[in-house]
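Right, one structure below, let's go through it.
The values are calculated or read from the model by the stated rules, or taken from the named source; none is laboratory data. Computed from a prediction, not measured in an experiment: that's the story for all the values here.
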Amino acid sequence: MKQKAEEVINLSELKEVAREFLDRLNVIDNELSTLKEDRKELLDEYSTKLDMKTFKAAMQVNKIKKQVQHEDTFDVFLEILEN
């Protein structure tokens, strides 16, 4: 009988923890959704002011360049590829 009482407490605690987890996860999912909407609105706002396709490509190149350890060699490789 004692074991069943412990199981009930453990199940009760498990339910509480699961609800807490789901609540926090839902908050994060809602925030992500809001951020995605904000990002889309920002891209839409600047799409008439900037060539967004080219700008996104430049951002990708910049990100890659920051990760390269030997920037001089990278620049040489780019020069070779561009010709």
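A few points about this structure:
- The single residue among 54, 34, 48, 73 that is of a type in the set (Val, Ile, Thr), at negative phi, in a helix (DSSP H, G or I) and modelled with pLDDT under 95 turns out to be 73.
- Selection status of residue 21, among the hydrophobic types (A, V, I, L, M, F, W, C) and at pLDDT 95 or above: yes
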